[in-house]
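Here is the structure we will look at, set down as structure tokens.
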Amino acid sequence: MIGNKFGFWKMGLATMALSFVLWPFWPLNSVFLRAETKSSLSPVGFEERLLATASGDRLHLFARRFQPGELILARLEPGNKIIGAWIGLNQHRYQFLKILAENPEYIAFISLDATAEPGDVLFRLTIVRPDKTWEASELMVKMEAKEYRKRKIQVAPEYVQPPTEVQERIEREAELLRAIFSVVSPSWLGDGPFLLPHHGKLSAYFGDQRVYNERVSSFHNGVDIIASWGEPVRAANSGRVVAASSFYFSGKMVVIDHGLGLFTSYNHLSRLLVRRGQEVKRGEIIGLVGSSGLSTGAHLHWSARIATARVDPLSLLALPFPVRTASNSQRK
Ligand SMILES: [Zn+2]
């Protein structure tokens, strides 16, 4: 049962090796531990909600916290053969996809946007069987309110009010990003847990409300990591580069598609070291720290999102993502 296998996180190191043997495709071994101990910024642990259907299917929802703006990793362990499954949440449908041919489990990434109302939220699970019959089950999850910080910042006027001659560029880039984020790659391109893309401390958090020049407020959609000019920036996980170019606000930016609708972005770089379409591995250097775009000094802005929601990238660090291939899971 998945639940038991996940329990080993809470039980500590001693049981890890055993779990590894029992569950070779989700080893979550020393790599994950390194991710957790690498920085005090990395939260330890996650919460779980479980739904067991009448037909013996088990739906597990994992999140660092059940709050808007946190990524929810949904894993479905079918009790009988299925040909499709999805979760309906508000107006959206989150499709489950099989992660490995040899593994019977399906996963999906879900999130409520950071500004969504907290409170009780209904997850509606639909499972379709080979004979085309379908079964619906529901799970009510209480989404807690999340507190955000408010900061006042003085910046150059063009940050608050971009000059009219760049409006067209800004709109074109926003449209391009919407198109990029709307494409759900139907497989898991990541490989195990997410890592911080740079070891620096944080200077700004996800959700910081910024009052620019006393008049305009905005929502910080990522974290700012303190870093020096020219230092390497690493892919937080494996995936495919879907953007590597210069944007008005974000400067030189790399966007990585990790599959199943999950993306991470790395902004204000001084140099891009990857090209669009390129496959990257977790930890691979993808660019150098800079201050391009609308930035007030060298730092790394790191963000994450799915099509329907802005996600706190730190919420990714806590979650038990699957290792992609069986060969990767062999402990040497
Ligand atoms: Zn930032």
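For THR264, THR308, THR115, the sequence from fewest to most other C-beta atoms within 10 Å is THR115, THR308, THR264. Extending 7 Å from Cα along the Cβ direction at ARG93 and again at LEU202 yields two label points whose distance is 3.5 nm. Sorting 197-209, 134-146 by average packing, meaning the other beta carbons within 10 Å per residue, from highest down gives 197-209, 134-146. Between GLU135 and GLN278, the distance separating the two model label sites (each 7 Å from Cα on the Cα→Cβ line) works out to 4.7 nm.
With a simple spin-label model that places each label point 7 Å from the Cα along the Cα-to-Cβ direction, the separation between SER246 and THR296 comes to 2.4 nm.
Taking the DSSP bridge list for segment 227-332 and keeping only pairs wholly inside it, about 100 percent are antiparallel.
In sequence order, segment 71-76 has phi-based couplings of 6, 10, 8, 9, 10, 10 Hz under the Karplus curve 6.51 cos²θ - 1.76 cosθ + 1.60, θ = phi - 60°, and Gly or Pro positions carry x. Couplings 3J(HN,Hα) of segment 118-131, computed from phi: x, x, 6, 10, 9, 9, 9, 8, 10, 10, 10, 8, x, 7 Hz, in residue order, whole Hz [Karplus 6.51 cos²θ - 1.76 cosθ + 1.60, θ = phi - 60°; x for Gly and Pro]. Here the Kirkwood formula puts the hydrodynamic radius of segment 150-316 at 16.0 Å, using every distinct Cα pair. Ranked for footprinting exposure by Cβ neighbours inside 10 Å, fewest first, ILE170, ILE226 give ILE170, ILE226.
Here, each number is a calculation from the coordinates, and none is a lab measurement. In this text, all values refer to a predicted model and were calculated from it rather than measured experimentally. Backbone-built Cβ (ideal geometry, glycine too); neighbour counts: all protein chains shown.
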